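Quick notes on the structure that follows.
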Amino acid sequence: MSLPCLGNGPDVRLADLRGPLVLNVWAQWCGPCREEAPYLAALAKSGKVKMLGIDYDDPRPELAVKFAGEEGLAYPHLVDTDKSIQRALKVGGPPLTVFVDGNGAVAYVHRGVLTSQQQLDQLLKDKLGVTR
């Protein structure tokens with residue numbers, strides 16, 4: 001499955017992704033996604049893992065681009081307006097954070113909002129062996 005880039009850029013084939021990688025499923029209309037955005041921005045800034053966002057089921061991708069810029073989510077983002085990843089990742093709705101290991105396998109899926117930087121850091125350590 002491939003998804004288009006949010007804004008502009010090439011499509012990305014999800015099966016080609018390798019980690020350690022944190023993949024965050026979000027939407028600009030999602031309140032909990034907005035709450036966890038600073039933790040993801042800080043992780044991206046650290047450069048310890050690759051990061052990828054997926055703007056999910058979002059009718060206003062232009063607002064998603066604006067939100068990502070305002071929140072400092074300075075990593076690539078894809079668009080999934082058709083919920084293509086819903087079945088594969090069992091997405092009930094955003095936010096959802098996926099931890100992908102170096103072989104491209106899903107090591108862990110965190111459903112719901114990340115409530116602190118410490119929680120995200122602990123998940124990185126426990127699921128991917130990465131310390132920040």
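The values are calculated or read from the model by the stated rules, or taken from the named source; none is laboratory data. All values reported here derive from a predicted model rather than from experimental measurement. For neighbour counting, all protein chains shown are included, and Cβ atoms are generated from backbone atoms with ideal geometry for every residue, glycine included. Areas reflect the complete protein model, heavy atoms only, side chains present, ligands, DNA and RNA absent. Shrake-Rupley method; radii C 1.70, N 1.55, O 1.52, S 1.80 Å.
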Go through (1) among the aromatic types (F, W, Y); (2) in contact with a strand residue (DSSP E or B) (Cβ under 6 Å, 6 or more places away or on another chain); (3) under 25 Å from G9 (Cβ atoms); (4) surrounded by fewer than 18 Cβ atoms within 10 Å (Cβ to Cβ) and name the single condition Y56 misses.
(4)
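Can you find a residue in the range 54-65 that is more than 17 Å from L21 (Cα to Cα), assigned to a helix (DSSP H, G or I) and at pLDDT below 90?
From the range 54-65, those more than 17 Å from L21 (Cα to Cα) are 56-65; that's our starting set.
If we keep only those that are assigned to a helix (DSSP H, G or I) as well, we get 61-65.
Narrowing the set further to residues that are at pLDDT below 90 leaves 61.
There is at least one residue in the range 54-65 that is more than 17 Å from L21 (Cα to Cα), assigned to a helix (DSSP H, G or I) and at pLDDT below 90.
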Going through the range 82-113 one residue at a time, which ones are open to solvent by 70 Å² or more (accessible area, probe 1.4 Å), without any contact (Cβ under 8 Å) to a residue 40 or more places away in the chain and not acidic (D, E)?
K83, Q86, R87, K90, G92, V106, Y108, R111
